[in-house]
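So the structure is just underneath, and the comments pick up after that.
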Amino acid sequence: MPPLPQALPPDDDLQHWCRASGIPGRPQLCLGPLPGSDAGVVRWSARGPDMALKSVQPHPGRYRIAVMLEPMESQIWVAGRAVWGGLIAANRFRICPPGARQDWRRLSGCDIVNIFIPEATVEALSTEHGGVPLALAGTGFATDRFVTELAWKLAEAERLAGPLAARFCDGVVQTLLAYLLEQHSRPVDAPAGHGALGHARLVRLKAFIDENLHGPIANAELASLCCMSESHFAREFQRSVGVSPHRFVTQQRLARAQILLRECREPVAAIAAATGFRSASHLSRVFAQHLGQPPGAWRAAQQDYLGKV
(Lines give C-alpha, C1' and ligand atoms only; values in the text may rest on other atoms or scores of the structure.)
Protein backbone atom coordinates (compact mmCIF):
# COMPACT_ATOMS: atom_id res chain seq x y z
CA MET A 1 0.00 0.00 0.00
CA PRO A 2 1.58 3.36 -1.04
CA PRO A 3 1.86 6.23 1.45
CA LEU A 4 -1.28 8.33 1.84
CA PRO A 5 -1.50 11.73 0.13
CA GLN A 6 -0.86 14.27 2.88
CA ALA A 7 -2.36 17.71 3.24
CA LEU A 8 0.34 18.49 5.81
CA PRO A 9 3.98 17.36 5.99
CA PRO A 10 4.68 14.26 8.07
CA ASP A 11 5.07 14.81 11.80
CA ASP A 12 8.84 14.66 12.49
CA ASP A 13 8.06 13.44 16.00
CA LEU A 14 6.11 10.50 14.61
CA GLN A 15 8.87 9.61 12.18
CA HIS A 16 11.35 9.72 15.04
CA TRP A 17 9.05 7.56 17.19
CA CYS A 18 8.82 4.95 14.43
CA ARG A 19 12.59 4.74 14.07
CA ALA A 20 13.26 4.75 17.83
CA SER A 21 10.63 2.04 18.44
CA GLY A 22 12.20 -0.26 15.85
CA ILE A 23 9.36 -0.26 13.33
CA PRO A 24 10.77 -2.04 10.27
CA GLY A 25 10.82 -0.25 6.93
CA ARG A 26 8.45 2.53 6.03
CA PRO A 27 5.01 2.61 7.70
CA GLN A 28 2.01 2.29 5.37
CA LEU A 29 0.66 5.43 7.01
CA CYS A 30 2.43 8.19 8.95
CA LEU A 31 0.20 11.21 9.03
CA GLY A 32 0.10 14.31 11.20
CA PRO A 33 -0.28 16.76 12.71
CA LEU A 34 -3.91 16.57 11.63
CA PRO A 35 -5.46 20.01 11.07
CA GLY A 36 -8.09 20.04 13.82
CA SER A 37 -7.04 17.54 16.47
CA ASP A 38 -3.24 17.93 16.12
CA ALA A 39 -3.18 14.13 16.34
CA GLY A 40 -0.97 11.69 14.45
CA VAL A 41 -1.74 8.30 12.93
CA VAL A 42 0.76 5.53 12.15
CA ARG A 43 -0.10 2.21 10.57
CA TRP A 44 2.61 -0.40 10.21
CA SER A 45 2.76 -4.12 9.57
CA ALA A 46 5.27 -6.94 9.37
CA ARG A 47 4.96 -10.43 7.90
CA GLY A 48 7.16 -12.43 10.23
CA PRO A 49 8.41 -12.40 13.83
CA ASP A 50 11.23 -10.25 15.19
CA MET A 51 12.83 -11.88 18.22
CA ALA A 52 14.98 -8.85 19.07
CA LEU A 53 13.95 -7.06 22.26
CA LYS A 54 12.75 -3.55 21.40
CA SER A 55 11.58 -0.55 23.40
CA VAL A 56 8.40 1.29 22.47
CA GLN A 57 9.47 4.84 23.17
CA PRO A 58 7.32 7.25 25.17
CA HIS A 59 5.67 10.02 23.21
CA PRO A 60 5.60 12.92 25.71
CA GLY A 61 2.38 14.87 25.93
CA ARG A 62 0.33 12.40 23.87
CA TYR A 63 -1.82 9.39 24.55
CA ARG A 64 -1.14 6.43 22.29
CA ILE A 65 -4.05 4.23 21.23
CA ALA A 66 -2.75 1.00 19.70
CA VAL A 67 -5.26 -1.08 17.72
CA MET A 68 -4.46 -4.60 16.51
CA LEU A 69 -5.88 -5.13 13.03
CA GLU A 70 -4.50 -8.69 12.95
CA PRO A 71 -3.63 -11.16 15.73
CA MET A 72 -0.13 -10.75 17.12
CA GLU A 73 1.88 -12.94 19.45
CA SER A 74 4.23 -11.00 21.69
CA GLN A 75 5.89 -10.58 25.07
CA ILE A 76 5.65 -7.22 26.84
CA TRP A 77 7.43 -5.77 29.87
CA VAL A 78 6.69 -2.50 31.69
CA ALA A 79 9.31 -1.24 34.17
CA GLY A 80 10.99 -4.64 34.01
CA ARG A 81 7.79 -6.50 34.94
CA ALA A 82 6.21 -8.93 32.48
CA VAL A 83 2.65 -7.76 31.72
CA TRP A 84 1.83 -9.88 28.67
CA GLY A 85 2.94 -13.10 27.04
CA GLY A 86 0.96 -14.77 24.29
CA LEU A 87 -1.50 -13.98 21.53
CA ILE A 88 -3.24 -10.61 21.29
CA ALA A 89 -6.42 -11.17 19.30
CA ALA A 90 -7.34 -9.03 16.32
CA ASN A 91 -9.48 -5.94 16.92
CA ARG A 92 -8.21 -5.36 20.45
CA PHE A 93 -6.95 -1.96 21.53
CA ARG A 94 -4.93 -0.42 24.30
CA ILE A 95 -4.78 3.15 25.63
CA CYS A 96 -1.25 4.04 26.76
CA PRO A 97 -0.91 7.19 28.90
CA PRO A 98 1.49 9.98 27.92
CA GLY A 99 5.12 9.10 28.48
CA ALA A 100 4.43 5.35 28.80
CA ARG A 101 7.35 3.14 27.82
CA GLN A 102 7.49 -0.61 27.38
CA ASP A 103 9.87 -3.31 26.19
CA TRP A 104 8.58 -5.99 23.90
CA ARG A 105 9.42 -8.88 21.60
CA ARG A 106 7.27 -9.69 18.55
CA LEU A 107 6.78 -13.41 18.01
CA SER A 108 4.63 -13.18 14.86
CA GLY A 109 3.64 -10.83 12.09
CA CYS A 110 1.40 -7.86 12.87
CA ASP A 111 -0.76 -5.06 11.50
CA ILE A 112 -1.16 -2.19 13.96
CA VAL A 113 -2.68 1.30 13.94
CA ASN A 114 -1.21 3.72 16.49
CA ILE A 115 -3.14 6.94 17.13
CA PHE A 116 -1.36 9.72 19.03
CA ILE A 117 -3.68 12.27 20.66
CA PRO A 118 -2.24 15.32 22.47
CA GLU A 119 -3.14 15.81 26.11
CA ALA A 120 -4.18 19.38 25.27
CA THR A 121 -6.72 18.08 22.74
CA VAL A 122 -8.14 15.67 25.30
CA GLU A 123 -8.31 18.43 27.91
CA ALA A 124 -10.07 20.84 25.52
CA LEU A 125 -12.72 18.31 24.50
CA SER A 126 -13.12 17.19 28.11
CA THR A 127 -14.04 20.79 28.99
CA GLU A 128 -16.77 20.71 26.35
CA HIS A 129 -17.95 17.35 27.71
CA GLY A 130 -18.91 19.07 30.97
CA GLY A 131 -18.87 17.75 34.52
CA VAL A 132 -15.62 16.66 36.11
CA PRO A 133 -12.33 17.01 34.15
CA LEU A 134 -11.55 13.72 32.40
CA ALA A 135 -8.46 11.85 31.27
CA LEU A 136 -8.35 8.78 29.07
CA ALA A 137 -8.18 5.62 31.16
CA GLY A 138 -5.23 3.36 30.46
CA THR A 139 -6.40 -0.09 29.39
CA GLY A 140 -5.09 -3.56 28.79
CA PHE A 141 -5.90 -5.09 25.42
CA ALA A 142 -9.63 -4.41 25.49
CA THR A 143 -12.38 -5.06 22.97
CA ASP A 144 -14.72 -2.36 21.71
CA ARG A 145 -16.40 -2.73 18.34
CA PHE A 146 -16.72 1.00 17.74
CA VAL A 147 -13.03 1.70 18.44
CA THR A 148 -11.90 -1.00 16.02
CA GLU A 149 -14.37 0.15 13.34
CA LEU A 150 -12.89 3.65 13.50
CA ALA A 151 -9.35 2.25 13.41
CA TRP A 152 -10.18 0.36 10.22
CA LYS A 153 -11.51 3.59 8.69
CA LEU A 154 -8.18 5.25 9.47
CA ALA A 155 -6.33 2.30 7.96
CA GLU A 156 -8.37 2.61 4.75
CA ALA A 157 -8.42 6.43 4.59
CA GLU A 158 -6.76 6.62 1.17
CA ARG A 159 -9.32 4.32 -0.41
CA LEU A 160 -12.21 6.05 1.30
CA ALA A 161 -11.19 9.72 0.88
CA GLY A 162 -8.33 9.92 -1.65
CA PRO A 163 -6.61 13.34 -1.62
CA LEU A 164 -8.72 14.38 1.38
CA ALA A 165 -7.39 11.51 3.48
CA ALA A 166 -5.84 13.86 6.06
CA ARG A 167 -9.13 15.71 6.56
CA PHE A 168 -10.94 12.39 6.70
CA CYS A 169 -8.55 11.04 9.34
CA ASP A 170 -8.93 14.19 11.41
CA GLY A 171 -12.70 13.76 11.52
CA VAL A 172 -12.37 10.10 12.46
CA VAL A 173 -9.85 10.88 15.23
CA GLN A 174 -12.09 13.57 16.71
CA THR A 175 -15.04 11.15 16.59
CA LEU A 176 -12.88 8.54 18.30
CA LEU A 177 -11.80 10.97 21.03
CA ALA A 178 -15.38 12.05 21.76
CA TYR A 179 -16.30 8.38 22.10
CA LEU A 180 -13.31 7.55 24.30
CA LEU A 181 -14.13 10.42 26.67
CA GLU A 182 -17.64 9.06 27.06
CA GLN A 183 -16.75 5.38 27.23
CA HIS A 184 -13.11 4.97 28.34
CA SER A 185 -12.27 7.91 30.60
CA ARG A 186 -11.68 8.54 34.29
CA PRO A 187 -11.74 11.65 36.45
CA VAL A 188 -8.37 13.41 36.28
CA ASP A 189 -7.83 12.94 40.01
CA ALA A 190 -8.78 9.22 40.00
CA PRO A 191 -6.05 6.55 40.21
CA ALA A 192 -4.62 5.56 36.83
CA GLY A 193 -5.71 1.94 37.36
CA HIS A 194 -9.31 3.01 38.01
CA GLY A 195 -10.67 0.56 35.42
CA ALA A 196 -11.54 0.59 31.74
CA LEU A 197 -15.25 1.32 31.99
CA GLY A 198 -14.67 5.02 32.39
CA HIS A 199 -16.35 7.68 34.49
CA ALA A 200 -19.06 8.74 32.03
CA ARG A 201 -19.85 5.14 31.13
CA LEU A 202 -20.22 4.21 34.82
CA VAL A 203 -22.50 7.17 35.43
CA ARG A 204 -24.70 6.06 32.53
CA LEU A 205 -24.69 2.42 33.67
CA LYS A 206 -25.66 3.32 37.21
CA ALA A 207 -28.45 5.57 35.94
CA PHE A 208 -29.75 2.75 33.73
CA ILE A 209 -29.72 0.32 36.66
CA ASP A 210 -31.46 2.86 38.91
CA GLU A 211 -34.21 3.42 36.32
CA ASN A 212 -34.79 -0.30 35.80
CA LEU A 213 -34.65 -1.76 39.31
CA HIS A 214 -38.31 -2.81 39.05
CA GLY A 215 -37.50 -5.42 36.38
CA PRO A 216 -34.86 -7.92 35.35
CA ILE A 217 -31.41 -6.52 34.51
CA ALA A 218 -29.24 -8.98 32.60
CA ASN A 219 -25.46 -8.80 32.36
CA ALA A 220 -25.82 -9.15 28.59
CA GLU A 221 -27.90 -5.98 28.47
CA LEU A 222 -25.38 -4.01 30.54
CA ALA A 223 -22.48 -5.34 28.46
CA SER A 224 -24.28 -4.32 25.27
CA LEU A 225 -24.58 -0.75 26.55
CA CYS A 226 -20.78 -0.73 26.82
CA CYS A 227 -20.10 -2.46 23.47
CA MET A 228 -18.35 -5.26 25.39
CA SER A 229 -18.64 -9.01 25.63
CA GLU A 230 -20.28 -10.23 28.84
CA SER A 231 -17.06 -11.68 30.23
CA HIS A 232 -15.00 -8.57 29.50
CA PHE A 233 -17.71 -6.31 30.91
CA ALA A 234 -17.91 -8.36 34.12
CA ARG A 235 -14.14 -8.12 34.64
CA GLU A 236 -13.98 -4.37 34.00
CA PHE A 237 -17.04 -3.66 36.15
CA GLN A 238 -15.43 -5.56 39.03
CA ARG A 239 -12.21 -3.56 38.55
CA SER A 240 -14.01 -0.23 38.45
CA VAL A 241 -16.69 -0.71 41.12
CA GLY A 242 -15.19 -3.39 43.35
CA VAL A 243 -18.10 -5.86 43.14
CA SER A 244 -19.64 -7.96 40.37
CA PRO A 245 -22.49 -6.48 38.27
CA HIS A 246 -24.96 -8.94 39.83
CA ARG A 247 -23.93 -8.02 43.37
CA PHE A 248 -24.08 -4.30 42.57
CA VAL A 249 -27.62 -4.62 41.17
CA THR A 250 -28.65 -6.58 44.26
CA GLN A 251 -27.18 -3.87 46.51
CA GLN A 252 -29.13 -1.20 44.63
CA ARG A 253 -32.36 -3.20 44.88
CA LEU A 254 -31.89 -3.59 48.62
CA ALA A 255 -31.09 0.11 49.07
CA ARG A 256 -34.31 1.03 47.20
CA ALA A 257 -36.27 -1.50 49.26
CA GLN A 258 -34.95 0.06 52.47
CA ILE A 259 -36.13 3.50 51.36
CA LEU A 260 -39.59 2.20 50.51
CA LEU A 261 -39.89 0.21 53.73
CA ARG A 262 -38.96 3.28 55.76
CA GLU A 263 -40.98 5.90 53.86
CA CYS A 264 -44.21 4.19 52.78
CA ARG A 265 -46.79 1.75 54.14
CA GLU A 266 -46.89 -0.58 51.12
CA PRO A 267 -46.85 -4.30 51.96
CA VAL A 268 -43.60 -6.23 51.52
CA ALA A 269 -44.98 -7.98 48.42
CA ALA A 270 -45.57 -4.62 46.67
CA ILE A 271 -42.10 -3.40 47.60
CA ALA A 272 -40.60 -6.64 46.29
CA ALA A 273 -42.35 -6.09 42.95
CA ALA A 274 -41.19 -2.45 42.80
CA THR A 275 -37.55 -3.40 43.38
CA GLY A 276 -37.24 -6.37 41.00
CA PHE A 277 -37.47 -9.26 43.45
CA ARG A 278 -39.49 -12.26 42.30
CA SER A 279 -41.69 -12.37 45.39
CA ALA A 280 -42.01 -11.22 48.99
CA SER A 281 -40.25 -14.38 50.14
CA HIS A 282 -37.37 -13.73 47.71
CA LEU A 283 -36.95 -10.19 49.05
CA SER A 284 -37.17 -11.47 52.63
CA ARG A 285 -34.48 -14.09 52.07
CA VAL A 286 -32.03 -11.71 50.35
CA PHE A 287 -32.78 -8.89 52.79
CA ALA A 288 -32.06 -11.13 55.79
CA GLN A 289 -28.83 -12.43 54.20
CA HIS A 290 -27.46 -8.93 53.71
CA LEU A 291 -28.99 -6.97 56.61
CA GLY A 292 -29.41 -9.60 59.30
CA GLN A 293 -33.20 -9.52 59.60
CA PRO A 294 -36.26 -9.84 57.35
CA PRO A 295 -37.84 -6.67 55.92
CA GLY A 296 -40.85 -6.70 58.27
CA ALA A 297 -38.67 -6.78 61.36
CA TRP A 298 -36.30 -4.19 59.88
CA ARG A 299 -39.23 -1.85 59.15
CA ALA A 300 -40.60 -2.25 62.68
CA ALA A 301 -37.18 -1.51 64.18
CA GLN A 302 -36.84 1.62 62.04
CA GLN A 303 -40.28 2.88 63.02
CA ASP A 304 -39.56 2.17 66.68
CA TYR A 305 -36.28 4.08 66.43
CA LEU A 306 -37.90 7.05 64.67
CA GLY A 307 -40.65 7.11 67.27
CA LYS A 308 -38.08 7.57 70.01
CA VAL A 309 -36.09 10.42 68.44
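When we screen GLN28, GLN57 for residues that are modelled with pLDDT of 85 or more, closer than 22 Å to PHE93 by Cα and of a type in the set (S, T, N, Q), the only hit is GLN28. A search for C-beta distances below 9 Å between a residue of the stretch 229-243 that is in contact (Cβ under 8 Å) with a residue 12 or more places away in the chain and part of a loop (DSSP other than H, G, I, E, B) and any residue that is among the β-branched types (Val, Ile, Thr) and open to solvent by 20 Å² or more (accessible area, probe 1.4 Å), counting only pairs 6+ apart in sequence or on different chains, returns SER229/THR143.
Residues in the stretch 92-110 that are closer than 20 Å to VAL41 by Cβ, touching a Pro at 6+ places or on another chain (Cβ under 8 Å) and in a strand (DSSP E or B): none. Residues in the stretch 92-120 that are open to solvent by 50 Å² or more (accessible area, probe 1.4 Å) and in contact (Cβ under 8 Å) with a residue 60 or more places away in the chain: PRO97, ALA120.
Taken over the stretch 19-29, the criterion of being free of Cβ contacts under 8 Å to residues at least 60 places away in the same chain and either hydroxyl-bearing (Ser, Thr, Tyr) or open to solvent by less than 10 Å² (accessible area, probe 1.4 Å) (or both) is satisfied by SER21 alone.
May I ask you to say which residue of ARG278, ARG262 is modelled with pLDDT under 90, charged (D, E, K, R), touching a helix residue (DSSP H, G or I) at 6+ places or on another chain (Cβ under 9 Å) and more than 23 Å from SER185 (Cα to Cα)? Answer to the selection: ARG262.
Of everything in the stretch 76-91 that is in a strand (DSSP E or B) and touching a Pro at 6+ places or on another chain (Cβ under 9 Å), the residue that is farthest from ALA200 (Cα to Cα) is LEU87.
For the stretch 205-248, a tally of residues being aromatic (Phe, Trp, Tyr) and surrounded by fewer than 17 Cβ atoms within 10 Å (Cβ to Cβ) returns 1. Of all residues in the stretch 74-89, at least one satisfies being of a type in the set (Ser, Thr, Tyr), open to solvent by less than 50 Å² (accessible area, probe 1.4 Å) and over 28 Å from ALA178 (Cβ atoms).
Determine, yes or no, whether VAL132 is part of a loop (DSSP other than H, G, I, E, B) and at pLDDT below 85. Spelling it out, VAL132 is indeed part of a loop (DSSP other than H, G, I, E, B) and at pLDDT below 85. For beta carbons closer than 7 Å, sequence separation of 6+ or different chains, a first residue in the stretch 169-192 that is at pLDDT below 90 and a second that is of a type in the set (Val, Ile, Thr), the qualifying pairs are HIS184/ILE95; HIS184/THR139; PRO187/VAL132. Can you find a residue that is over 18 Å from the mean Cα position of the chain (by Cα), surrounded by 15 or more Cβ atoms within 10 Å (Cβ to Cβ) and charged (D, E, K, R) anywhere in the stretch 122-141? Taking every residue of the stretch 122-141 in turn, none turns out to be over 18 Å from the mean Cα position of the chain (by Cα), surrounded by 15 or more Cβ atoms within 10 Å (Cβ to Cβ) and charged (D, E, K, R).
When residues of the stretch 33-52 are filtered for being surrounded by 15 or more Cβ atoms within 10 Å (Cβ to Cβ) and either in a strand (DSSP E or B) or modelled with pLDDT under 85 (or both), how many remain?
Adding up the residues that qualify gives 8.
The values are calculated or read from the model by the stated rules, or taken from the named source; none is laboratory data. Please read these numbers as outputs of a predicted model, since none were measured by experiment. Heads up, the Cβs are rebuilt from the backbone with ideal geometry, glycines too, and the neighbour counts pull from every protein chain shown. Accessible surface areas use protein heavy atoms only, side chains included; no ligands, DNA or RNA. Shrake-Rupley method; radii C 1.70, N 1.55, O 1.52, S 1.80 Å.
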